[in-house]
1. Karplus couplings for segment 72-88 from phi (6.51 cos²θ - 1.76 cosθ + 1.60, θ = phi - 60°), rounded to Hz, Gly and Pro as x?
2. What nm value, rounded to one decimal, do you get for the distance between Lys127 and Ser46 when each label is placed 7 Å out toward the C-beta?
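A short reminder: the numbers here are calculations on the coordinates, not readings from a lab. What you see is a predicted model, and the numbers here were worked out from it, not measured in a lab. Glycine gets a Cβ as well: all are built from the backbone with ideal geometry, and neighbour counts include every protein chain shown.
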Amino acid sequence: MPSEGSRDTDPAKQPPYTVEMTASAEAVYVDLYRRAKAAESVNNPSSAHCTTFHMVREAVKIIIPGDPLNKRYALRGKLSNVFRIRKGRLRICWIASSRTRRICILFIAQTLRKEGDPRDPYVLFEKLMEAGHFDRVMKDLQLPKPPPKR
């Protein structure tokens, strides 16, 4: 029997993570959903819109909550507190707290990844981080903000 004050570290006995989204990530998710539903309504369930939405939904509902702090999803450097998953040309970035058992999807991008391109999803995401767009969420999840750009 565990002593008083000890924590149960068995992952199977831990409560599930709660998944939240920033307003901008939710807007992208809703747009993808609407496009998929429109394709389905014209009897085109194999549309790229449906495929894209199903990939994002699987990531947000199953893959990310299943192991949100997995190091294989971790970004490095200035974004070291952030995780990301790639699905085709999609990039989904999130933060997670094992203490609060919460995940927040910060960013969903469909733009092509091209090093040095100003529309590169990681360049866009980093600019949002530096501008403080996610400061409140980082604070709510009790995570440190990334260091400022030098």
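1. 5, 9, 6, 8, 10, x, 4, 9, 5, 8, 10, 10, 8, 10, 10, 9, x
2. The modelled label-to-label distance comes out at 3.9 nm.
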